[in-house]
Amino acid sequence: QVQLVESGGGLVQTGGSLRLSCVASGRTVSRSAMGWFRQAPGKEREFVAAMTWHGGSTVYANSVKGRFSISRDNAKNTAYLEMNSLKLEDTAVYFCAADAVGSWLQVYEWNYWGQGTQVTVSS
């Protein structure tokens, strides 16, 4: 089993930045893909970004491309999501996920999830 704990969320003004962290414990995820999703009130959980275990491949949702950056430190069993130029529509609970068995874009393909961290962007 893998436990994922996100941190780093908070309240930020439009145009600001935040860095989310996701620490994995239990079974190592150093050989697993890791990803980030988000869920706004009344909406379905949506894909944000993901990367391979070695970092050689990354994928971003079009809505965050050029503004968000995913990275990881396998020695620390930690993934990060650097978020810049934040917009009101980025407001959501952000979830970390690990170990996808299929398409990274699909929620049901990921085996492990964190509890989420709230990101609120205000004007």
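For the peptides 29-35, 61-67, 75-81, the ranking by packing is 29-35, 75-81, 61-67, with the highest mean count of neighbouring Cβ atoms within 10 Å listed first. Remark: relative contact order (the range 9-123) = 35 percent; criterion is Cα-Cα distance under 8 angstrom and separation of 6 or more residues. Here the range 56-109 yields Rg over Rh of 0.96, to two decimals, using C-alpha coordinates and the Kirkwood radius. Sorting 47-55, 7-15, 91-99 by average packing, meaning the other beta carbons within 10 Å per residue, from highest down gives 91-99, 47-55, 7-15. Placing unit charges on the Cβ atoms only, positive for Lys and Arg and negative for Asp and Glu, gives the chain a dipole magnitude near 160 debye about its Cα centre.
Secondary structure note: in the chain, about 90% of the DSSP beta bridges are antiparallel. Expressed as a whole percent, the proportion of Cα-Cα pairs in the chain lying more than 21 Å apart is 30%. In terms of Cα atoms, the Rg and Dmax of the range 35-75 work out to 11.5, 37 Å.
None of the figures in this text is laboratory data; all of them are computed from the coordinates on show. Computed from a prediction, not measured in an experiment: that's the story for all the values here. All Cβ positions, even for glycine, are placed from backbone atoms using ideal geometry, and neighbour counts span all protein chains on display.
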